[in-house]
Amino acid sequence: MITFPNAKINLGLNVVERRPDGYHNLETVFYPINLQDALEVNRLENAGTPYKLRVSGATLDGSPEDNLVVKAYNLLNETFHLPPVDIHLFKHIPTGAGLGGGSADCAFMIKTLNEKFRLGLGIEEMEKYAARLGADCAFFIQNQPVFATGTGNIFERVRLSLADYRLVLVKPDISVSTREAYARIRPHHPEISLKEIIRRPVEEWKDLMKNDFEESVFQSHPEIAAIKDRLYDIGAVYASMTGSGSAVFGLFKTRVENVDELFAGCFCRQRELI
């Protein structure tokens, strides 16, 4: 069984307060995009092990036990005593980019196991399992635009379509750790909620919508700031770093020509939006 976990972008991101547990509450809008990994799960016959994991495409650090698709399998296996599985994960979504690739793989693994082995889990149950493995993993269960609060784990559906725009996504050869992104964060409540901003024309977002991580990340990595500036220079209606970085996206009204040449040396993709 093959599925195609997709990435997401953050439309704005406000870090609103530090929590007693040391984490931070935030508000953001998650929007799915059609940049995809591939995940294949098959029953593993005559196996002396509960799973085998093969990863191709982009290189991933860490042991198989640390991979979120394996963690998803192990979590469901505790309750449902699953058959052994052969897992092939083809990584195309860049890591350390703020695109949620690992979280998407996790959620799609839960959905795949639920369907393949007829576990009978509903949407809310799958979201609860996903949330145990990562704050934004649950978003990819329904995979529709949401206003997210808490640590990025509380969702409110929003009516938002960017189908009239094209996305240019650029990721330099830089990874930004979560610790680094939070280094200079000063939590605050925004004057205008993102729920209000996304109701306004996209042309107004540039002056209203912020990603609070940009201040600290751009200081450490001015080349990421330069990508955002370049996207505006070539006609983006709105541009922003996504999540805690390092990927930056621009929304355009028309197709951008020679985009690979404009951002040579970077991972660069142009996509229609839905």
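Quick look at the numbers
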{"item": "Paired Rg and Dmax values of the chain, which use every Cα atom, in angstrom", "result": "18.9, 60"}
{"item": "Exposed GluC sites (Glu not before Pro) absent: longest stretch of the chain, with sites in DSSP loops and at most 11 other Cβ within 10 Å deemed exposed", "result": "46-190"}
{"item": "Which listed pairs, of 91/195; 8/128; 8/228; 71/116, have C-alpha distances above 27 Å, in listed order", "result": "91/195"}
{"item": "Where labels lie 7 Å past Cα in the beta-carbon direction, separation of residue 125 and residue 261 in nm", "result": "5.5 nm"}
{"item": "Debye equation applied to the C-alpha atoms of the stretch 123-220, log10 I(q)/I(0) at 0.13, 0.24 Å⁻¹", "result": "-0.64, -1.34"}
{"item": "The chain: relative contact order in percent, alpha carbon pairs under 8 Å with at least 6 residues between", "result": "23 percent"}
{"item": "Overall Cα dimensions of the stretch 1-112, principal axis frame, Å, largest first", "result": "52, 32, 24"}
{"item": "Sequence-distant residues sharing a close amide H with residue 152 (under 5 Å, placed H)", "result": "26"}
{"item": "Value at 222 nm in deg cm²/dmol, rounded to 500, when DSSP H runs of n ≥ 4 in the chain each add -39,500 (n - 2.57)", "result": "-7500 deg cm²/dmol"}
{"item": "Rounded to whole Hz, the Karplus (6.51, -1.76, 1.60) HN-Hα couplings of the stretch 46-58, x for glycine and proline", "result": "6, 9, x, 9, x, 7, 10, 10, 10, 10, 10, x, 5"}
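Coordinate-derived values only; no laboratory data. Every value quoted in this text rests on a predicted model; they were computed, and no experiment measured them. Every residue, glycine among them, receives a Cβ derived from its backbone with ideal geometry; neighbour counts consider all protein chains shown.
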